[in-house]
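The values are calculated or read from the model by the stated rules, or taken from the named source; none is laboratory data. Owing to the predicted nature of the structure, the values given are computational and were not obtained by experimental measurement. Quick reminder, even Gly has a Cβ in these numbers, built from the backbone with ideal geometry, and neighbours come from all protein chains shown.
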Amino acid sequence: MEPGSAGATALEADWRRILRDRLPSYGHRNWIVVADAAYPAQSSPGIETVATGAGQVEVLEEVLDAVAASLHVRPIVYCDRELEYVAEADAPGVDRYRARLAELARHLDCRFPPHEEIISMLDRAGATFRILILKTTLAIPYTSVFVNLDCAYWTAEAERRLRASLAAHPALPSNSR
């Protein structure tokens, strides 16, 4: 078991199967959250929470590997800004967790807004898009990892060029044929 882990619960599900089942239908604007043990069940209708009974690092590795193997999405990773300031004396194991997280995310687009800002983003996204929360056994605060899925084959720069082209060429009236 990893540092700060709580025991597995009766709610443990086959989270790997659920991840494999959901990922092909997910696209940009969907989220997968690898949450710590105290993460709350959210009430937005698009949010599905699964208690994994597994450790945070194990679940995060599986999620990142599944996303990397997909052809259609890539991850934008959000971590709580507060994690940087959690002291080892207050949360034993946090230093080791931070080091492992840095190793796992070293080649990824990672962002570090405050926790409440990330929760607000999820609330807004959950009103329209599906979010899968994989709740782990890790009992260290501010360790949840929020993976915003983005399109793997279309870049933000390509989208900007497309929008500029559309703006430069207004649509023809529908009766102009």
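Identify, from the list VAL67, VAL57, the residue that is crowded, with 16+ Cβ neighbours inside 10 Å and over 16 Å from ILE140 (Cβ atoms).
After applying the criteria, what remains is VAL67.
Which residue, of TYR78, TYR26, is at pLDDT 95 or above, surrounded by 17 or more Cβ atoms within 10 Å (Cβ to Cβ), more than 25 Å from PRO141 (Cβ to Cβ) and in contact with a Lys or Arg (Cβ under 8 Å, 6 or more places away or on another chain)?
Being at pLDDT 95 or above, surrounded by 17 or more Cβ atoms within 10 Å (Cβ to Cβ), more than 25 Å from PRO141 (Cβ to Cβ) and in contact with a Lys or Arg (Cβ under 8 Å, 6 or more places away or on another chain) holds for just one of TYR78, TYR26, which is TYR26.
Where the second residue is part of a loop (DSSP other than H, G, I, E, B) and the first is within 22 Å of ALA156 (Cα to Cα) and lies in region 103-119, which pairs have Cβ atoms under 7 Å and are six or more apart or on separate chains?
The qualifying pairs are ILE118/ASP80.
Name every residue in region 107-137 that is crowded, with 18+ Cβ neighbours inside 10 Å and small (Gly, Ala, Ser), in order of residue number.
Those that are crowded, with 18+ Cβ neighbours inside 10 Å and small (Gly, Ala, Ser): ALA125, GLY126.
Report yes if ALA51 is at pLDDT below 95, surrounded by 15 or more Cβ atoms within 10 Å (Cβ to Cβ) and either more than 14 Å from ILE131 (Cα to Cα) or not polar (S, T, N, Q) (or both), otherwise no.
It is true that ALA51 is at pLDDT below 95, surrounded by 15 or more Cβ atoms within 10 Å (Cβ to Cβ) and either more than 14 Å from ILE131 (Cα to Cα) or not polar (S, T, N, Q) (or both).
Checking the condition in contact (Cβ under 8 Å) with a residue 40 or more places away in the chain, within 16 Å of ASP150 (Cβ to Cβ) and of a type outside the set (Val, Ile, Thr), which residue from LEU64, LEU83 passes? Can you show your working first?
Numbers: LEU83 fails: within 16 Å of ASP150 (Cβ to Cβ).
Within the list LEU64, LEU83, the selection yields LEU64.
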